[in-house]
Amino acid sequence: MKQGRAYQLLSWSVAAAVAIALIAEWAALYRLHADSIVVQIDRRSIIAKSWVELIGFGALGILALGVLWRAWRRSAPILVRENLEAAAALTRHSSIKAAGAAAREIALGGGMRECEDIQQWFAHQLIMWGFLGLFATTSLDTLMNPTAAPLPLLHPVRLLGNLTRLAFMTGLTLAIARRALLARVRAASQLRDWTFLVSL
C-alpha cells in the first residue's frame, strides 16, 4: 500500500477503533463487576495476584537474561572498561550538563525529530508517554496501595493508568499498522522490530 489517502484513512481508523474498543471494554468491565461507577473492581476477582506476579517476574527474568546474553556476546570486559573510562572522565559540572541535555532531548522527543511523517512521530510520542505514565501508575499504586485493595474508579492513580493505557495502546496500534500497511516500511523492518512491537 502506498502512503496516500487510503493508507492514512485505514491506519488512523484502526488506531481509533482500538481506542474505542479499549474504552468499551473498560466500561463493560465496570458495568459487569462494579456496583457503582465510583467503586473500583476487585482485580483479584478477574485474575489472581499470584498469576500477575508470576507473569510479571517471568517477563522481567526473560528481559534480564536477554540483556545479560547480549552483553556477554558483545564482550563484557570491553564494555566495563569503556564505562569505567567514561565515568572517570565525567565531572560534577559535566554530569549536570549532560543530564539537562538528556532531559531536554527526552521531553522534546529526542531522536523523534528524524521521524519520516507525522504518524510515525505521533505513534512514538503516544508509546513513550503512555509507557512512562503506566510506569508512574504502577509506582504510585505500589506506594499508595501496598495491599492491592480495589481503588475507586475516579481515584487519580486509576485515572492516570486508564488514560496512559489508552495512549500506549493507540500508539502501538499506529506503529503496527504503519509497519503492516506500508511496503517500504515493511521491507526495511527486521525481525527484531516486529519482536519488540509484539512484546509490548
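The values are calculated or read from the model by the stated rules, or taken from the named source; none is laboratory data. Here the structure is a predicted model, which is why all the values come from computation and not from measurement. Here Cβ is always computed from backbone atoms with ideal geometry, including for glycine, and neighbour counts include all displayed protein chains.
Points worth noting:
- Helices (runs of 4 or more DSSP H) wholly inside region 123-200 containing at least 2 residues that are buried (at least 19 other Cβ atoms within 10 Å of the Cβ) and of a type outside the set (Gly, Ala, Ser): 156-181
- The listed residues are Thr164, Thr138, Thr170, Thr91, and the only one of them that is among the β-branched types (Val, Ile, Thr) and modelled with pLDDT under 80 turns out to be Thr91.
- The residues listed here are Val14, Val80, Val67; of these, the one that is modelled with pLDDT under 70, more than 23 Å from His155 (Cβ to Cβ) and β-branched (Val, Ile, Thr) is Val80.
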